[in-house]
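Notes to accompany the following structure.
The values are calculated or read from the model by the stated rules, or taken from the named source; none is laboratory data. Computed from a predicted model, the values in this text were never measured in an experiment. We place every Cβ from the backbone using ideal geometry, glycine too, and count neighbours over all the protein chains shown. Protein only, heavy atoms only, side chains kept; ligands, DNA and RNA dropped before computing areas. Shrake-Rupley method; radii C 1.70, N 1.55, O 1.52, S 1.80 Å.
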Amino acid sequence: MKPTSIKLPRTELFIDGEWVPGNGGTFAVESPTDGSVIAELHSADAGDVDRAVAAARRAFDSGPWSKMPGAERGKLLYRLADLIEENAASFAGLESLDVGKPYLDNLAIDVDMAIQTFRHFAGWADKLHGSTIPVPNHMGRPRFSFTERVPVGVVGAITPWNAPTMITSWKLASALAAGCTVVLKPAEDAPLVSQLLAELVAAAGFPAGVLNVVNGPGHVTGAAITGHHDIDKLSFTGSPEVGKLIGRAAADQFKHVTLELGGKSPQIVFKDADIEALAPIAAASIFANSGQTCAAGTRVLVHRSRIDDVAGALAAQAQKQRLGDPFDAHTTMGSLINASQRERVMSYVNAGVEQGAELVTGGKALDRPGYFVEPTLFVGTNDLKIAQEEIFGPVGTIIPFDDTDEAIRLANATPYGLAAVIWSQNIGEAIIASRALRVGAVWVNSWGAPDPRVPWGGMKTSGIGRELGLSGLLANTEERLVNVVC
Ligand code: NAD
């Protein structure tokens, strides 16, 4: 099942259409499944970031990108989508090597989503338009007012490690379709797919400087992007802690900003829910990508009368998971990203036990190379540390409620507001409940990756702004008004 050979991408920085060495030394990319070194990548210092921003600036201000007709930009984006499709096995393989996620999941979900995302936004590239607005005469002379949608300029995109193919495609496709140019800094734990993407951007024939990729540590390369005066928008996905730094830096320089941050999403299981049907999906929402998913449904709020049924059904699903080699077709859960993430997850498991939650299943790190933690379920209360803080590991807490008001109150009672799931056979009840949830997205009787056609983003600590869909496209534009007095 493993592709016979996974060709490693270039290791240098991609600036102004060229592969160039970085001045910040190199860093090792390690396999999370056995700790071996996969590649040594070049690291960008502040000077390299300056060069990348200057290239993006040229391609935007005087270069061919922002002046290219939208239909032509769209053609290049379609070509890039075709190239990603042709290289789907390489993207899925690199993501498995880098992140430890099952190869087949990468192929079916992440890479497919990236292809769909580029195609979706390619179609938008020639459909951005303004409006004409009827206005009264100006000082007795007829006046004609219209608006245009213009790209914001150079976008600094900073991404996390948990789903690099998917999340990078969200940021690039919408920005490029709008006519922006991009300086991308991938997460240092999972940079390989972005290198391959840059190779394909060059192969597709995008003009130099439209996409620049600079790897390196967050506090060096990321900070140089964040504070750069020639960047017009920061598009960040990652932790709330770093999100705050990005938001402050954006405020200092009046940059546009989109922040996609963490989550602690509730799944509300109403009394009449079909537990047999929901169990595999509810479990996937906790354990997919070993729980390293921003929208993971890690708080399972269950009507008190169904607690034992739900705990039993989810525990059975947890015990069915097969942990191991992401290239083995039978593997359903890979590893965590690195040793410190494993320590972090285990510290939450220990906190759950110490605070008196009932451990239903799991709770151990595997004694083998790599960073594997068993799928773990607790029954507890919403005030516990494991129910309040984002763990980013395969740990769920089942929490009882007595009536709908209490379910809604508990669902909203964390700092986060990314997503929620409602399990109910009464669709009216589900819609009414969805309206009371302070979250950016609600699934009813389902859970899964967002679709490129619909907006994605959070409320509260889960972020500001939206990616994907028309909202994600417009977030890369500004509205300009033109008044003509005739
Ligand atoms: P992180 O915040 O540690 O890192 C994200 C990126 O920020 C990395 O590229 C990192 O190098 C960079 N960075 C770190 N310090 C920086 C600094 N001082 N200045 C500029 N950049 C800096 O996040 P992570 O651990 O890679 O990812 C996990 C987090 O991402 C979780 O909280 C998860 O919920 C969130 N996430 C959210 C979404 C969403 O759509 N809302 C999607 C995926 C992941």
Next item on the list: Could you tell me whether any residue of the stretch 34-46 is on the phi < 0 side of the Ramachandran plot, open to solvent by 60 Å² or more (accessible area, probe 1.4 Å) and part of a strand (DSSP E or B)?
Entry: yes
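Just to be sure, is residue 265 crowded, with 24+ Cβ neighbours inside 10 Å and within 13 Å of the ligand (Cβ to nearest atom)?
Numbers: crowded, with 24+ Cβ neighbours inside 10 Å: yes; within 13 Å of the ligand (Cβ to nearest atom): yes.
Yes.
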Check: If residue 257 satisfies every condition in (1) in the same structural domain as residue 59 (by TED's automatic domain parsing); (2) aliphatic (A, V, I, L, M); (3) open to solvent by less than 20 Å² (accessible area, probe 1.4 Å); (4) not in a helix (DSSP H, G or I) but one, which is the exception?
Finding: (3)
Checklist line | Set 361, 332, 376: member being open to solvent by 30 Å² or more (accessible area, probe 1.4 Å), assigned by TED's automatic domain parsing to the domain that holds residue 280 and not acidic (Asp, Glu) | finding: 332
Next item on the list: Among the candidates 120, 129, single out the residue that is open to solvent by 20 Å² or more (accessible area, probe 1.4 Å) and more than 24 Å from residue 164 (Cα to Cα).
Entry: 129
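Give the residues of the stretch 333-359 that are under 22 Å from residue 32 (Cα atoms), more than 13 Å from the ligand (Cβ to nearest atom), among the aliphatic types (A, V, I, L, M) and assigned to a helix (DSSP H, G or I), sorted by residue number.
From the stretch 333-359, those under 22 Å from residue 32 (Cα atoms) are 333-349; that's our starting set.
Those still in the list that are more than 13 Å from the ligand (Cβ to nearest atom) too: 333-335, 339, 342-343, 346-349.
Restricting the remaining residues to those that are among the aliphatic types (A, V, I, L, M) gives 333, 339, 346, 349.
Result: 339, 346, 349.
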Next item on the list: Grab the strands (runs of 3 or more DSSP E) fully contained in the stretch 122-221, keeping just those with 1 or more residues being in the same structural domain as residue 255 (by TED's automatic domain parsing), among the basic types (Lys, Arg) and touching an Asp or Glu at 6+ places or on another chain (Cβ under 9 Å).
Entry: 143-151
Next item on the list: Report yes if some residue within the stretch 388-405 is closer than 22 Å to residue 340 by Cβ, of a type in the set (D, E, K, R) and out of contact with any Pro (no Cβ under 7 Å at 6 or more places or on another chain); otherwise report no.
Entry: yes
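Answer yes or no as to whether residue 298 is surrounded by fewer than 24 Cβ atoms within 10 Å (Cβ to Cβ) and closer than 17 Å to residue 393 by Cβ. I'd like the intermediate steps shown before the answer.
Working: surrounded by fewer than 24 Cβ atoms within 10 Å (Cβ to Cβ): no; closer than 17 Å to residue 393 by Cβ: yes.
No.
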Next item on the list: Identify the residue in the stretch 200-243 that is out of contact with any strand residue (DSSP E or B) (no Cβ under 8 Å at 6 or more places or on another chain) and within 27 Å of residue 87 (Cβ to Cβ) and, among all such residues, is nearest to the ligand (Cβ to nearest atom).
Entry: 200
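Against the condition within 30 Å of residue 390 (Cα to Cα) and away from the ligand (no atom under 16 Å from the Cβ), how does residue 115 come out, does it pass?
Values: within 30 Å of residue 390 (Cα to Cα): yes; away from the ligand (no atom under 16 Å from the Cβ): yes.
For residue 115, the condition - within 30 Å of residue 390 (Cα to Cα) and away from the ligand (no atom under 16 Å from the Cβ) - is met.
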Notebook entry, point to check: Are any residues in the stretch 418-433 under 18 Å from residue 457 (Cα atoms) and free of Cβ contacts under 8 Å to residues at least 60 places away in the same chain, and if so, which ones?
Noted result: none
Margin query: Restricting to the stretch 444-476, count the residues that are of a type in the set (S, T, N, Q), surrounded by fewer than 22 Cβ atoms within 10 Å (Cβ to Cβ) and either in contact with a strand residue (DSSP E or B) (Cβ under 7 Å, 6 or more places away or on another chain) or assigned by TED's automatic domain parsing to the domain that holds residue 66 (or both).
Written below: 3
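Return yes when residue 151 is within 16 Å of the ligand (Cβ to nearest atom) and in contact (Cβ under 8 Å) with a residue 12 or more places away in the chain and no when it is not. Let's see the steps before the verdict.
Numbers: within 16 Å of the ligand (Cβ to nearest atom): no; in contact (Cβ under 8 Å) with a residue 12 or more places away in the chain: yes.
No, not satisfied.
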Next item on the list: State the number of residues belonging to the stretch 289-332 that are within 16 Å of the ligand (Cβ to nearest atom), farther than 15 Å from residue 273 by Cβ and in a loop (DSSP other than H, G, I, E, B).
Entry: 6
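Collect the residues in the stretch 380-398 that are in a helix (DSSP H, G or I) and open to solvent by less than 10 Å² (accessible area, probe 1.4 Å), keeping them in residue-number order. Walk me through it before giving the result.
Filtering the stretch 380-398 down to residues in a helix (DSSP H, G or I) leaves 385-388.
The answer is 386, 387.
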